1. Using a 1.4 Å probe on protein heavy atoms only, how many Å² of accessible area do B and A hide from each other, summed over both chains and rounded to 100?
2. Checking buried surface per residue: for the stretch A:193-239, which residues lose a minimum of 50 Å² accessible area in the protein assembly relative to the chain alone (1.4 Å probe)?
3. Could you tell me whether the protein assembly as shown comes out rounded, prolate or oblate from its Cα gyration tensor? Rule is a ≥ b ≥ c as square roots of the eigenvalues, rounded for a/c under 1.5, then prolate if a/b exceeds b/c, otherwise oblate.
4. 5 Å is the cut-off here: which amide hydrogens, built 1.01 Å from N in the peptide plane, fall below it relative to B:GLU150, excluding neighbours closer than 5 in sequence?
5. Report the FRET efficiency, 1/(1 + (r/R0)^6), for A:GLN108 and A:LYS205, where r is their Cβ-Cβ distance and R0 is 41 Å, rounded to 0.05.
6. State which entries of A:LYS204/A:LYS301; A:LYS217/B:LYS39; A:LYS257/B:LYS53 exceed 30 angstrom in Cα-Cα distance in the structure shown.
7. Determine the equivalent ellipsoid of the stretch A:65-172 by diagonalising the alpha-carbon gyration tensor, then write out the semi-axes as square roots of 5 times the eigenvalues, largest first, rounded to whole Å.
8. Which value, in debye to the nearest 20, describes the size of the charge dipole of the protein assembly as shown about its Cα centre when Lys and Arg Cβ atoms bear +1, Asp and Glu Cβ atoms bear -1, and nothing else is charged?
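The values are calculated or read from the model by the stated rules, or taken from the named source; none is laboratory data. Predicted model, so just to flag it, every value in this text is computed and none were measured. Reconstructed Cβ throughout: ideal geometry from the backbone, glycine too, with neighbour counts over all protein chains shown. The accessibility values were calculated without ligands, DNA or RNA, using every heavy atom of the protein model including side chains. Shrake-Rupley method; radii C 1.70, N 1.55, O 1.52, S 1.80 Å.
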Amino acid sequence: MAGSGVVTVYGNGAITETTKQSPFSVKVGLAQMLRGGVIMDVVNAEQARIAEEAGACAVMALERVPADIRAQGGVARMSDPQLIKEIKQAVTIPVMAKARIGHFVEAQILEAIGIDYVDESEVLTLADDENHINKHNFRIPFVCGCRNLGEALRRIREGAAMIRTKGEAGTGNIIEAVRHVRSVMGDIRVLRNMDDDEVFTFAKKIQAPYDLVMQTKQLGRLPVVHFAAGGVATPADAALMMQLGCDGVFVGSGVFKSGDPARRARAIVQAVTHYSDPQVLADISCGLGEAMVGINLNDDKVERYANRSE
Amino acid sequence: MVVGVLALQGSFNEHIAALKRVGVKGVEIRKPDQLQSVKALIIPGGESTTMAKLAEYHNLFPALRDFVKMGKPVWGTCAGLIFLADKAIGEAKIGGQELIGGLNCTVHRNFFGSQIQSFVAELSIPEIVAKEGGPPSFHGVFIRAPGILEVGPEVEVLAEVPAPSDQTTKSDPADESVEMVNETSQEASSSTSLSSEDLKLSEPPKYELPVFQQ
(Lines give C-alpha, C1' and ligand atoms only; values in the text may rest on other atoms or scores of the structure.)
Protein backbone atom coordinates (compact mmCIF):
# COMPACT_ATOMS: atom_id res chain seq x y z
CA MET A 1 0.00 0.00 0.00
CA ALA A 2 2.45 2.59 -1.20
CA GLY A 3 2.16 6.27 -0.26
CA SER A 4 -0.30 7.97 -2.53
CA GLY A 5 -1.86 4.91 -4.11
CA VAL A 6 -5.28 6.11 -5.05
CA VAL A 7 -7.96 3.74 -6.10
CA THR A 8 -10.01 4.91 -8.97
CA VAL A 9 -13.36 4.19 -10.31
CA TYR A 10 -13.62 4.36 -14.03
CA GLY A 11 -14.48 7.81 -15.19
CA ASN A 12 -15.33 9.20 -18.59
CA GLY A 13 -17.47 6.22 -19.43
CA ALA A 14 -14.42 4.05 -19.87
CA ILE A 15 -16.25 1.21 -18.28
CA THR A 16 -19.80 0.20 -18.87
CA GLU A 17 -22.27 1.32 -16.29
CA THR A 18 -24.67 -1.51 -15.66
CA THR A 19 -28.19 -1.54 -16.91
CA LYS A 20 -29.47 -2.36 -13.46
CA GLN A 21 -28.63 1.04 -11.98
CA SER A 22 -25.82 0.17 -9.66
CA PRO A 23 -23.00 2.36 -10.87
CA PHE A 24 -19.52 0.96 -10.91
CA SER A 25 -18.48 3.64 -8.42
CA VAL A 26 -20.89 2.20 -5.85
CA LYS A 27 -19.47 -1.29 -6.42
CA VAL A 28 -15.88 -0.11 -6.10
CA GLY A 29 -16.77 2.09 -3.12
CA LEU A 30 -17.28 -0.79 -0.72
CA ALA A 31 -13.94 -2.28 -1.71
CA GLN A 32 -12.35 1.09 -0.97
CA MET A 33 -13.85 0.98 2.51
CA LEU A 34 -12.27 -2.41 3.08
CA ARG A 35 -8.75 -1.22 2.31
CA GLY A 36 -6.19 -1.93 4.97
CA GLY A 37 -8.37 -4.66 6.39
CA VAL A 38 -8.55 -8.42 6.70
CA ILE A 39 -11.36 -10.51 5.22
CA MET A 40 -11.75 -13.87 6.93
CA ASP A 41 -13.26 -17.14 5.71
CA VAL A 42 -15.96 -18.42 8.06
CA VAL A 43 -18.24 -21.43 7.85
CA ASN A 44 -20.78 -20.57 10.54
CA ALA A 45 -22.19 -17.72 12.62
CA GLU A 46 -19.98 -18.51 15.60
CA GLN A 47 -16.80 -18.16 13.55
CA ALA A 48 -18.19 -14.97 12.01
CA ARG A 49 -18.56 -13.49 15.51
CA ILE A 50 -14.98 -14.42 16.38
CA ALA A 51 -13.81 -12.73 13.18
CA GLU A 52 -15.85 -9.60 13.90
CA GLU A 53 -14.56 -9.39 17.46
CA ALA A 54 -11.01 -9.74 16.20
CA GLY A 55 -11.50 -6.76 13.89
CA ALA A 56 -12.02 -8.36 10.48
CA CYS A 57 -13.37 -5.77 8.02
CA ALA A 58 -15.59 -8.38 6.35
CA VAL A 59 -16.26 -12.10 6.46
CA MET A 60 -16.44 -14.60 3.62
CA ALA A 61 -19.14 -17.21 4.06
CA LEU A 62 -18.39 -20.59 2.57
CA GLU A 63 -19.36 -24.21 2.94
CA ARG A 64 -15.91 -25.52 3.93
CA VAL A 65 -12.62 -23.70 4.39
CA PRO A 66 -10.18 -24.40 1.55
CA ALA A 67 -8.03 -26.71 3.71
CA ASP A 68 -11.05 -28.96 4.23
CA ILE A 69 -11.99 -28.81 0.56
CA ARG A 70 -8.47 -30.04 -0.19
CA ALA A 71 -8.61 -32.79 2.41
CA GLN A 72 -12.11 -34.04 1.67
CA GLY A 73 -12.25 -33.56 -2.09
CA GLY A 74 -15.56 -33.74 -3.91
CA VAL A 75 -17.41 -30.87 -5.53
CA ALA A 76 -17.30 -27.61 -3.60
CA ARG A 77 -20.31 -25.36 -4.16
CA MET A 78 -21.89 -22.15 -2.90
CA SER A 79 -22.87 -22.59 0.73
CA ASP A 80 -26.43 -23.06 1.90
CA PRO A 81 -28.25 -19.69 1.72
CA GLN A 82 -29.72 -20.38 5.15
CA LEU A 83 -26.22 -20.50 6.59
CA ILE A 84 -25.26 -17.29 4.84
CA LYS A 85 -28.36 -15.60 6.24
CA GLU A 86 -27.43 -16.75 9.75
CA ILE A 87 -23.95 -15.34 9.33
CA LYS A 88 -25.39 -12.10 8.02
CA GLN A 89 -27.60 -11.79 11.07
CA ALA A 90 -24.79 -12.54 13.48
CA VAL A 91 -22.51 -9.69 12.39
CA THR A 92 -22.72 -6.06 11.30
CA ILE A 93 -19.63 -6.06 9.09
CA PRO A 94 -20.03 -6.79 5.35
CA VAL A 95 -20.62 -10.41 4.41
CA MET A 96 -19.21 -11.91 1.22
CA ALA A 97 -19.93 -15.33 -0.20
CA LYS A 98 -18.34 -17.52 -2.83
CA ALA A 99 -19.97 -18.62 -6.06
CA ARG A 100 -18.49 -21.07 -8.53
CA ILE A 101 -16.74 -19.62 -11.56
CA GLY A 102 -19.25 -19.16 -14.36
CA HIS A 103 -22.21 -20.13 -12.17
CA PHE A 104 -24.30 -17.02 -12.61
CA VAL A 105 -27.35 -18.52 -10.96
CA GLU A 106 -25.47 -19.03 -7.71
CA ALA A 107 -24.56 -15.35 -8.02
CA GLN A 108 -28.21 -14.45 -8.61
CA ILE A 109 -29.18 -16.33 -5.44
CA LEU A 110 -26.49 -14.54 -3.47
CA GLU A 111 -27.73 -11.22 -4.83
CA ALA A 112 -31.27 -12.14 -3.84
CA ILE A 113 -30.38 -12.83 -0.22
CA GLY A 114 -28.76 -9.43 0.00
CA ILE A 115 -25.14 -10.15 0.82
CA ASP A 116 -22.58 -7.45 0.21
CA TYR A 117 -20.04 -9.00 -2.21
CA VAL A 118 -19.72 -12.15 -4.32
CA ASP A 119 -16.38 -13.91 -4.69
CA GLU A 120 -16.30 -15.74 -8.02
CA SER A 121 -13.78 -18.21 -6.74
CA GLU A 122 -11.48 -20.85 -8.14
CA VAL A 123 -11.47 -22.47 -4.70
CA LEU A 124 -14.90 -23.87 -5.48
CA THR A 125 -15.27 -26.40 -8.27
CA LEU A 126 -15.67 -24.73 -11.66
CA ALA A 127 -19.13 -24.56 -13.21
CA ASP A 128 -17.88 -23.22 -16.55
CA ASP A 129 -14.30 -23.79 -17.62
CA GLU A 130 -14.39 -21.22 -20.42
CA ASN A 131 -16.52 -18.29 -19.35
CA HIS A 132 -16.64 -16.27 -16.19
CA ILE A 133 -19.84 -14.64 -14.99
CA ASN A 134 -20.76 -11.45 -16.85
CA LYS A 135 -20.59 -9.33 -13.76
CA HIS A 136 -22.00 -6.24 -15.47
CA ASN A 137 -25.41 -7.89 -15.25
CA PHE A 138 -25.47 -7.71 -11.48
CA ARG A 139 -26.11 -4.94 -9.00
CA ILE A 140 -24.00 -6.72 -6.44
CA PRO A 141 -20.24 -6.22 -6.72
CA PHE A 142 -17.80 -9.08 -7.42
CA VAL A 143 -14.27 -9.90 -6.35
CA CYS A 144 -12.24 -12.22 -8.59
CA GLY A 145 -8.89 -13.96 -8.38
CA CYS A 146 -5.88 -13.43 -10.62
CA ARG A 147 -2.32 -14.70 -11.02
CA ASN A 148 -1.02 -11.89 -13.19
CA LEU A 149 -1.87 -8.49 -14.59
CA GLY A 150 -3.56 -9.78 -17.73
CA GLU A 151 -5.89 -12.01 -15.76
CA ALA A 152 -6.73 -9.15 -13.37
CA LEU A 153 -7.66 -6.79 -16.19
CA ARG A 154 -9.72 -9.44 -17.97
CA ARG A 155 -11.75 -9.89 -14.78
CA ILE A 156 -12.18 -6.13 -14.38
CA ARG A 157 -13.42 -5.89 -17.95
CA GLU A 158 -15.98 -8.59 -17.10
CA GLY A 159 -17.14 -6.32 -14.28
CA ALA A 160 -15.14 -7.31 -11.20
CA ALA A 161 -14.98 -4.37 -8.78
CA MET A 162 -12.20 -5.82 -6.66
CA ILE A 163 -9.28 -8.13 -7.37
CA ARG A 164 -7.47 -10.61 -5.17
CA THR A 165 -4.32 -12.39 -6.18
CA LYS A 166 -5.04 -16.11 -6.03
CA GLY A 167 -2.14 -17.62 -4.16
CA GLU A 168 -2.81 -21.24 -3.33
CA ALA A 169 -5.77 -21.50 -0.97
CA GLY A 170 -5.82 -24.01 1.86
CA THR A 171 -2.10 -24.69 1.85
CA GLY A 172 -0.83 -22.32 4.52
CA ASN A 173 2.04 -21.77 2.11
CA ILE A 174 2.69 -18.20 1.07
CA ILE A 175 4.91 -18.92 -1.94
CA GLU A 176 2.22 -18.78 -4.61
CA ALA A 177 0.69 -15.62 -3.14
CA VAL A 178 4.10 -13.95 -3.29
CA ARG A 179 4.59 -15.16 -6.85
CA HIS A 180 1.24 -13.76 -8.00
CA VAL A 181 1.56 -10.42 -6.19
CA ARG A 182 5.08 -9.96 -7.53
CA SER A 183 3.89 -10.83 -11.02
CA VAL A 184 1.11 -8.20 -10.92
CA MET A 185 3.26 -5.51 -9.29
CA GLY A 186 6.24 -6.28 -11.53
CA ASP A 187 4.16 -6.02 -14.68
CA ILE A 188 2.75 -2.70 -13.51
CA ARG A 189 6.27 -1.39 -12.92
CA VAL A 190 7.31 -2.50 -16.39
CA LEU A 191 4.18 -0.90 -17.83
CA ARG A 192 4.79 2.43 -16.08
CA ASN A 193 8.16 2.83 -17.73
CA MET A 194 6.98 1.68 -21.11
CA ASP A 195 6.76 3.92 -24.16
CA ASP A 196 3.11 4.55 -25.05
CA ASP A 197 3.73 3.11 -28.50
CA GLU A 198 4.58 -0.24 -26.95
CA VAL A 199 1.43 -0.56 -24.89
CA PHE A 200 -0.64 -1.96 -27.75
CA THR A 201 1.66 -4.96 -28.12
CA PHE A 202 1.98 -5.33 -24.36
CA ALA A 203 -1.83 -5.49 -24.09
CA LYS A 204 -1.85 -8.17 -26.75
CA LYS A 205 0.88 -10.10 -24.97
CA ILE A 206 -0.86 -10.16 -21.60
CA GLN A 207 -4.24 -10.69 -23.29
CA ALA A 208 -5.91 -7.74 -21.63
CA PRO A 209 -8.13 -4.94 -22.98
CA TYR A 210 -6.04 -2.00 -24.20
CA ASP A 211 -8.09 0.68 -22.41
CA LEU A 212 -7.59 -0.94 -19.03
CA VAL A 213 -3.89 -1.53 -19.66
CA MET A 214 -3.50 2.17 -20.49
CA GLN A 215 -5.46 3.17 -17.43
CA THR A 216 -3.29 0.94 -15.26
CA LYS A 217 -0.22 2.56 -16.77
CA GLN A 218 -1.52 6.03 -15.99
CA LEU A 219 -2.53 5.16 -12.43
CA GLY A 220 0.53 3.08 -11.65
CA ARG A 221 -1.65 0.49 -9.96
CA LEU A 222 -4.64 -1.72 -10.64
CA PRO A 223 -7.70 0.45 -11.25
CA VAL A 224 -9.62 -1.33 -8.49
CA VAL A 225 -8.79 -2.38 -4.93
CA HIS A 226 -6.33 -5.25 -4.83
CA PHE A 227 -6.15 -7.73 -1.93
CA ALA A 228 -3.85 -10.71 -1.45
CA ALA A 229 -5.12 -14.22 -0.76
CA GLY A 230 -4.20 -17.87 -0.68
CA GLY A 231 -1.73 -19.12 1.90
CA VAL A 232 -1.64 -16.40 4.56
CA ALA A 233 -1.16 -18.18 7.90
CA THR A 234 0.77 -15.79 10.16
CA PRO A 235 0.84 -12.06 10.95
CA ALA A 236 4.20 -11.94 9.17
CA ASP A 237 2.63 -13.41 6.01
CA ALA A 238 -0.07 -10.73 6.11
CA ALA A 239 2.45 -7.92 6.60
CA LEU A 240 4.54 -9.34 3.75
CA MET A 241 1.57 -9.03 1.41
CA MET A 242 1.03 -5.44 2.53
CA GLN A 243 4.67 -4.51 2.07
CA LEU A 244 4.55 -5.96 -1.43
CA GLY A 245 1.87 -3.36 -2.15
CA CYS A 246 -1.51 -5.01 -1.60
CA ASP A 247 -4.48 -3.06 -0.21
CA GLY A 248 -5.52 -5.75 2.24
CA VAL A 249 -5.56 -9.47 2.90
CA PHE A 250 -7.93 -12.41 2.69
CA VAL A 251 -7.27 -15.13 5.26
CA GLY A 252 -8.89 -18.48 4.65
CA SER A 253 -7.93 -21.57 6.54
CA GLY A 254 -5.10 -19.73 8.32
CA VAL A 255 -7.28 -18.53 11.19
CA PHE A 256 -9.75 -21.28 11.95
CA LYS A 257 -7.34 -24.14 11.28
CA SER A 258 -4.88 -22.82 13.86
CA GLY A 259 -4.58 -23.56 17.56
CA ASP A 260 -6.07 -20.30 18.87
CA PRO A 261 -8.27 -18.71 16.17
CA ALA A 262 -9.40 -15.61 18.12
CA ARG A 263 -5.88 -14.65 19.06
CA ARG A 264 -4.38 -15.33 15.64
CA ALA A 265 -7.21 -13.45 13.92
CA ARG A 266 -6.55 -10.44 16.11
CA ALA A 267 -2.83 -10.57 15.45
CA ILE A 268 -3.32 -10.74 11.68
CA VAL A 269 -5.69 -7.74 11.80
CA GLN A 270 -3.07 -5.75 13.70
CA ALA A 271 -0.33 -6.89 11.36
CA VAL A 272 -2.18 -5.45 8.38
CA THR A 273 -2.52 -2.04 10.05
CA HIS A 274 1.05 -1.94 11.37
CA TYR A 275 2.57 -3.78 8.42
CA SER A 276 5.62 -1.55 8.21
CA ASP A 277 6.45 -1.49 11.92
CA PRO A 278 8.62 -4.55 12.78
CA GLN A 279 8.49 -3.70 16.50
CA VAL A 280 4.71 -4.00 16.59
CA LEU A 281 4.85 -7.08 14.35
CA ALA A 282 7.26 -8.73 16.77
CA ASP A 283 4.99 -8.01 19.74
CA ILE A 284 1.84 -9.35 18.13
CA SER A 285 3.54 -12.46 16.74
CA CYS A 286 4.46 -13.73 20.22
CA GLY A 287 2.74 -16.78 21.68
CA LEU A 288 0.04 -17.28 19.08
CA GLY A 289 -0.04 -21.05 19.51
CA GLU A 290 0.10 -23.48 16.68
CA ALA A 291 -0.22 -22.24 13.08
CA MET A 292 -2.17 -24.27 10.55
CA VAL A 293 -0.38 -27.24 9.06
CA GLY A 294 1.25 -26.23 5.80
CA ILE A 295 1.38 -28.11 2.53
CA ASN A 296 4.58 -28.26 0.52
CA LEU A 297 3.78 -27.24 -3.03
CA ASN A 298 6.68 -29.16 -4.55
CA ASP A 299 4.50 -32.22 -4.26
CA ASP A 300 2.91 -32.87 -7.67
CA LYS A 301 -0.11 -34.51 -6.11
CA VAL A 302 -1.28 -31.18 -4.66
CA GLU A 303 -3.93 -29.76 -6.93
CA ARG A 304 -3.30 -26.19 -8.05
CA TYR A 305 -6.55 -24.29 -7.62
CA ALA A 306 -4.97 -21.18 -9.08
CA ASN A 307 -4.58 -22.85 -12.47
CA ARG A 308 -8.24 -23.77 -12.74
CA SER A 309 -9.20 -20.58 -14.55
CA GLU A 310 -7.50 -18.17 -16.90
CA MET B 1 -0.12 22.96 8.10
CA VAL B 2 -0.02 19.26 8.83
CA VAL B 3 -3.25 17.28 9.02
CA GLY B 4 -3.36 13.83 10.54
CA VAL B 5 -5.36 11.05 8.94
CA LEU B 6 -6.27 8.15 11.18
CA ALA B 7 -4.74 5.22 9.29
CA LEU B 8 -6.04 2.17 11.13
CA GLN B 9 -8.12 0.82 8.26
CA GLY B 10 -10.20 2.17 5.39
CA SER B 11 -9.82 4.95 2.84
CA PHE B 12 -6.98 6.87 4.47
CA ASN B 13 -4.85 6.97 1.32
CA GLU B 14 -7.66 8.67 -0.57
CA HIS B 15 -7.88 11.37 2.11
CA ILE B 16 -4.14 11.94 2.08
CA ALA B 17 -4.27 12.25 -1.72
CA ALA B 18 -7.14 14.76 -1.44
CA LEU B 19 -5.13 16.81 1.06
CA LYS B 20 -2.14 16.74 -1.26
CA ARG B 21 -4.36 18.04 -4.05
CA VAL B 22 -5.14 21.18 -2.03
CA GLY B 23 -1.52 21.60 -0.99
CA VAL B 24 -1.71 20.28 2.57
CA LYS B 25 0.54 17.64 4.02
CA GLY B 26 -1.33 14.65 5.39
CA VAL B 27 0.33 12.23 7.79
CA GLU B 28 -0.81 8.77 8.80
CA ILE B 29 -1.75 8.38 12.46
CA ARG B 30 -1.56 4.89 13.97
CA LYS B 31 -0.32 5.48 17.51
CA PRO B 32 -1.39 7.90 20.29
CA ASP B 33 1.86 9.89 20.39
CA GLN B 34 1.63 10.68 16.68
CA LEU B 35 -1.41 12.87 17.43
CA GLN B 36 0.78 15.44 19.16
CA SER B 37 2.40 16.51 15.91
CA VAL B 38 -0.79 17.45 14.06
CA LYS B 39 -3.12 20.47 14.20
CA ALA B 40 -6.20 18.74 12.81
CA LEU B 41 -7.43 15.23 12.22
CA ILE B 42 -9.43 13.36 9.60
CA ILE B 43 -11.08 10.08 10.53
CA PRO B 44 -11.71 8.35 7.20
CA GLY B 45 -14.36 5.94 6.03
CA GLY B 46 -13.87 2.26 6.52
CA GLU B 47 -15.35 -0.46 8.66
CA SER B 48 -16.17 1.23 11.96
CA THR B 49 -16.10 -2.03 13.94
CA THR B 50 -12.61 -2.80 12.68
CA MET B 51 -11.36 0.71 13.30
CA ALA B 52 -12.77 0.66 16.84
CA LYS B 53 -11.08 -2.67 17.55
CA LEU B 54 -7.73 -1.46 16.27
CA ALA B 55 -8.03 1.79 18.23
CA GLU B 56 -8.76 -0.26 21.33
CA TYR B 57 -5.79 -2.63 20.82
CA HIS B 58 -3.44 0.33 20.72
CA ASN B 59 -5.19 2.38 23.37
CA LEU B 60 -6.02 5.25 21.03
CA PHE B 61 -9.41 6.22 22.41
CA PRO B 62 -8.19 8.38 25.34
CA ALA B 63 -5.84 10.31 23.07
CA LEU B 64 -8.53 10.79 20.43
CA ARG B 65 -11.04 12.01 23.03
CA ASP B 66 -8.47 14.48 24.39
CA PHE B 67 -7.81 15.70 20.86
CA VAL B 68 -11.52 16.36 20.31
CA LYS B 69 -11.92 18.00 23.74
CA MET B 70 -9.08 20.41 23.03
CA GLY B 71 -11.28 21.84 20.30
CA LYS B 72 -8.95 20.96 17.47
CA PRO B 73 -10.76 20.49 14.16
CA VAL B 74 -11.74 16.90 13.41
CA TRP B 75 -13.40 15.71 10.19
CA GLY B 76 -15.26 12.41 10.08
CA THR B 77 -16.20 10.62 6.90
CA CYS B 78 -18.67 7.74 7.10
CA ALA B 79 -17.16 5.47 9.76
CA GLY B 80 -15.35 8.53 11.09
CA LEU B 81 -18.69 10.24 11.54
CA ILE B 82 -19.95 7.29 13.59
CA PHE B 83 -16.87 7.64 15.80
CA LEU B 84 -17.54 11.33 16.39
CA ALA B 85 -21.24 10.98 17.16
CA ASP B 86 -22.33 11.24 20.77
CA LYS B 87 -24.78 8.42 20.24
CA ALA B 88 -24.97 5.53 17.78
CA ILE B 89 -28.01 3.32 17.41
CA GLY B 90 -29.19 0.42 15.31
CA GLU B 91 -27.26 -2.56 14.04
CA ALA B 92 -24.55 -2.20 16.64
CA LYS B 93 -22.65 -5.42 16.96
CA ILE B 94 -23.12 -7.64 19.96
CA GLY B 95 -21.18 -6.10 22.81
CA GLY B 96 -21.60 -2.57 21.45
CA GLN B 97 -19.13 -0.25 19.89
CA GLU B 98 -16.85 2.30 21.47
CA LEU B 99 -17.16 5.89 20.25
CA ILE B 100 -15.06 9.02 20.55
CA GLY B 101 -18.01 11.40 20.74
CA GLY B 102 -17.97 15.19 20.63
CA LEU B 103 -20.52 15.79 17.88
CA ASN B 104 -24.00 16.24 19.33
CA CYS B 105 -26.00 13.95 17.08
CA THR B 106 -27.54 10.51 16.90
CA VAL B 107 -26.22 8.36 14.12
CA HIS B 108 -27.73 5.15 12.79
CA ARG B 109 -25.11 2.69 11.60
CA ASN B 110 -25.66 1.15 8.22
CA PHE B 111 -28.89 3.12 7.91
CA PHE B 112 -29.74 2.34 4.30
CA GLY B 113 -29.14 -1.42 4.47
CA SER B 114 -26.59 -3.67 2.84
CA GLN B 115 -24.45 -3.08 -0.24
CA ILE B 116 -27.31 -3.70 -2.62
CA GLN B 117 -29.05 -0.61 -1.20
CA SER B 118 -25.97 1.56 -1.69
CA PHE B 119 -26.56 4.48 -4.05
CA VAL B 120 -25.38 7.79 -5.43
CA ALA B 121 -27.31 11.05 -5.13
CA GLU B 122 -26.89 14.66 -6.18
CA LEU B 123 -27.15 16.78 -3.06
CA SER B 124 -28.10 20.42 -3.08
CA ILE B 125 -25.64 22.52 -1.07
CA PRO B 126 -26.85 26.15 -1.23
CA GLU B 127 -24.96 27.43 1.86
CA ILE B 128 -21.63 26.14 0.66
CA VAL B 129 -22.17 27.51 -2.84
CA ALA B 130 -23.08 30.93 -1.41
CA LYS B 131 -19.97 30.97 0.75
CA GLU B 132 -17.39 29.25 -1.40
CA GLY B 133 -18.80 29.11 -4.92
CA GLY B 134 -18.45 26.04 -7.08
CA PRO B 135 -21.06 23.74 -8.59
CA PRO B 136 -24.57 23.89 -7.06
CA SER B 137 -24.75 20.21 -6.23
CA PHE B 138 -22.53 17.63 -4.66
CA HIS B 139 -22.22 14.07 -5.94
CA GLY B 140 -22.71 11.93 -2.84
CA VAL B 141 -21.83 8.25 -2.80
CA PHE B 142 -23.54 6.29 -0.02
CA ILE B 143 -21.91 2.90 0.57
CA ARG B 144 -23.50 1.07 3.50
CA ALA B 145 -23.70 4.57 4.84
CA PRO B 146 -24.77 5.79 8.27
CA GLY B 147 -27.69 8.20 8.65
CA ILE B 148 -27.86 11.12 11.06
CA LEU B 149 -31.25 10.99 12.67
CA GLU B 150 -31.05 13.85 15.17
CA VAL B 151 -28.73 16.79 15.66
CA GLY B 152 -28.29 19.13 18.59
CA PRO B 153 -29.08 22.85 18.26
CA GLU B 154 -25.44 23.83 17.79
CA VAL B 155 -24.97 21.51 14.80
CA GLU B 156 -25.28 23.07 11.36
CA VAL B 157 -26.69 20.78 8.68
CA LEU B 158 -25.16 21.43 5.27
CA ALA B 159 -27.09 18.98 3.14
CA GLU B 160 -29.91 16.50 3.44
CA VAL B 161 -30.87 13.40 1.58
CA PRO B 162 -34.36 11.90 1.58
CA ALA B 163 -34.47 8.40 2.99
CA PRO B 164 -35.78 5.74 0.59
CA SER B 165 -39.48 5.09 1.08
CA ASP B 166 -39.07 1.38 1.77
CA GLN B 167 -36.83 2.20 4.68
CA THR B 168 -38.20 0.34 7.64
CA THR B 169 -36.44 2.17 10.43
CA LYS B 170 -37.62 5.70 9.75
CA SER B 171 -40.08 7.21 7.32
CA ASP B 172 -39.04 10.83 7.80
CA PRO B 173 -36.35 12.19 5.61
CA ALA B 174 -33.17 11.78 7.55
CA ASP B 175 -30.71 14.56 7.92
CA GLU B 176 -27.49 13.56 6.37
CA SER B 177 -24.65 15.97 6.57
CA VAL B 178 -21.88 15.87 4.07
CA GLU B 179 -20.08 12.86 5.39
CA MET B 180 -19.72 10.26 2.72
CA VAL B 181 -17.30 7.84 1.27
CA ASN B 182 -16.32 9.63 -1.86
CA GLU B 183 -16.42 13.25 -2.71
CA THR B 184 -16.75 14.65 -6.15
CA SER B 185 -16.15 18.01 -7.55
CA GLN B 186 -16.78 18.40 -11.23
CA GLU B 187 -18.76 16.22 -13.55
CA ALA B 188 -16.47 13.23 -13.22
CA SER B 189 -16.76 10.97 -10.25
CA SER B 190 -14.55 11.72 -7.32
CA SER B 191 -11.74 9.29 -7.23
CA THR B 192 -11.23 9.76 -10.91
CA SER B 193 -10.74 13.45 -10.45
CA LEU B 194 -8.34 12.70 -7.63
CA SER B 195 -6.31 10.33 -9.68
CA SER B 196 -6.21 12.45 -12.79
CA GLU B 197 -4.96 15.30 -10.64
CA ASP B 198 -2.28 13.04 -9.31
CA LEU B 199 -1.31 11.98 -12.77
CA LYS B 200 -0.74 15.54 -13.85
CA LEU B 201 2.20 15.58 -11.50
CA SER B 202 4.05 12.97 -13.49
CA GLU B 203 2.57 12.88 -16.95
CA PRO B 204 -0.68 14.10 -18.43
CA PRO B 205 -2.91 11.36 -19.82
CA LYS B 206 -2.29 11.47 -23.52
CA TYR B 207 -5.10 9.35 -24.77
CA GLU B 208 -8.79 9.47 -24.52
CA LEU B 209 -9.36 5.87 -23.64
CA PRO B 210 -11.41 3.86 -26.11
CA VAL B 211 -14.89 3.85 -24.73
CA PHE B 212 -16.85 0.68 -24.30
CA GLN B 213 -20.44 1.60 -23.88
CA GLN B 214 -23.37 -0.69 -23.57
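1. Buried area between the two chains comes out at roughly 5000 Å².
2. A:ASP196, A:ASP211, A:GLN218
3. Rounded, since a/c falls under 1.5.
4. Amide H neighbours of B:GLU150: B:THR106.
5. 0.70
6. A:LYS204/A:LYS301; A:LYS217/B:LYS39
7. Gyration-tensor ellipsoid for the stretch A:65-172: 20, 18, 13 Å.
8. 820
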